[in-house]
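The values are calculated or read from the model by the stated rules, or taken from the named source; none is laboratory data. Keep in mind that what you see is a predicted model, and the values were worked out from it rather than measured. Neighbour counts are summed over all protein chains in view; Cβ atoms, including those assigned to glycine, are modelled from backbone coordinates with ideal geometry.
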Number of protein chains: 2
Amino acid sequence: MSISFADPTAMTHQQLEEGAAFAPRFDAAGLVTVVTIEAGTNDVLMLAHMNAQALALTLETGVAHYWSRSRAKLWKKGETSGETQQVVELRTDCDQDAIVLVVNQTGRGAACHTGRKSCFYRRVALADGAAVLQDTGLPRLFDPANVYGAKP
Amino acid sequence: MSISFADPTAMTHQQLEEGAAFAPRFDAAGLVTVVTIEAGTNDVLMLAHMNAQALALTLETGVAHYWSRSRAKLWKKGETSGETQQVVELRTDCDQDAIVLVVNQTGRGAACHTGRKSCFYRRVALADGAAVLQDTGLPRLFDPANVYGAKP
């Protein structure tokens, strides 16, 4: 990992919000939250996390890398499914604790492990005062059982 | 708060990912991560968090409510600035630990406390192996000093 980042604790509020130094504010677990969107449409594909290594690898290689919290390991997106993400732009927010990653989704165009384009394939609706989920109709672009085995 | 949510710990993986019960998986701090995007353009406006109360109020009122981690209190977006957010749609992701909130941004159209439309007004670029920030050129739609006082 050759890219290092500025130390946010050494910066003023003004420097953090308006400056040109990239000083990602990793949380207590060493992670920043990442919203990955599709170039062109701005469709939100997924929400994930990066540690410093994943962030540096993403910038260096131009291919999205994350930190898998469930598997507790570095995760090159698409390493199993083939659904890699080519980085178009990486943005940070005012207080530098979040990232927007603009990508071209390769493979079958499915960012979600369920085989859909986006992880956000259900909307919340109110029915008789209860919150229920409705499928927004995103088709499955692959069968998870074929890609990940019987238990995705 | 009249809306209650299903208990995700009582559900199978299959029910959580493909079912119709809304069972938000609040983290250890009682929060889910929320990506707020603009209806129509899909522009990412901000990233924030909701606790159960903020989520229920958002669904009930159709106006975005969050949990402010820095102030440790319920936060009706725009209560100070007037930049409220009218909810168009609320979606959840495969494992129900994240929310996409689709809104119409009211007021001057500035979701960010710096007065810009979006909090993500800087891109990360590499220059001589170092990561630096470049302003993407989003204009300030209000002056934070006028809206929040001298120290926003």
(message) Just to be sure I understand the filter: pairs with C-beta atoms under 9 Å, separated by 6 or more residues or on different chains, first member in the stretch A:11-23 and within 10 Å of chain B (Cβ to nearest Cβ), second member among the aromatic types (Phe, Trp, Tyr). Which pairs pass?
(response) A:ALA21/A:PHE5; A:PHE22/A:PHE5; A:ALA23/A:PHE5
(message) Criterion first (touching a residue at least 12 places away in the same chain (Cβ under 8 Å), more than 9 Å from chain A (Cβ to nearest Cβ) and surrounded by fewer than 20 Cβ atoms within 10 Å (Cβ to Cβ)) does B:GLN53 satisfy it?
(response) yes
(request) For the stretch B:118-152, name all the residues that are in contact (Cβ under 8 Å) with a residue 40 or more places away in the chain and within 12 Å of chain A (Cβ to nearest Cβ). (result) B:SER118, B:CYS119, B:PHE120
(request) Determine if the stretch B:96-104 includes at least one residue that is exposed (fewer than 15 other Cβ atoms within 10 Å of the Cβ) and either more than 7 Å from every other protein chain (Cβ to nearest Cβ) or on the phi > 0 side of the Ramachandran plot (or both). (result) yes
(message) I need the full set of residues from the stretch A:65-100 which are within 22 Å of B:ASP135 (Cα to Cα) and among the small types (Gly, Ala, Ser), in order please.
(response) A:ALA98
(request) State whether one or more residues within the stretch B:104-117 are over 20 Å from A:ASP95 (Cβ atoms) and β-branched (Val, Ile, Thr). (result) yes
(request) Take the stretch B:85-95 and flag every residue that is more than 9 Å from every other protein chain (Cβ to nearest Cβ) and surrounded by fewer than 18 Cβ atoms within 10 Å (Cβ to Cβ). (result) B:GLN86, B:VAL88
(request) Pick out the one residue from B:ARG116, B:ARG122 that is modelled with pLDDT of 95 or more, under 17 Å from the mean Cα position of the chain (by Cα), closer than 18 Å to A:VAL100 by Cα and of a type in the set (D, E, K, R). (result) B:ARG116
(message) Checking the conditions here, which among B:SER81, B:SER68 is more than 10 Å from chain A (Cβ to nearest Cβ) and in contact with a Phe, Trp or Tyr (Cβ under 6 Å, 6 or more places away or on another chain)?
(response) B:SER68
(message) Looking at (1) more than 23 Å from B:LEU45 (Cβ to Cβ); (2) within 16 Å of the chain's Cα centre (by Cα), which one does A:THR36 not meet, given that it meets all the others?
(response) (1)
(request) State yes or no: is A:ALA23 in contact with a Leu (Cβ under 8 Å, 6 or more places away or on another chain), over 27 Å from A:LEU138 (Cβ atoms) and not in a helix (DSSP H, G or I)? (result) yes
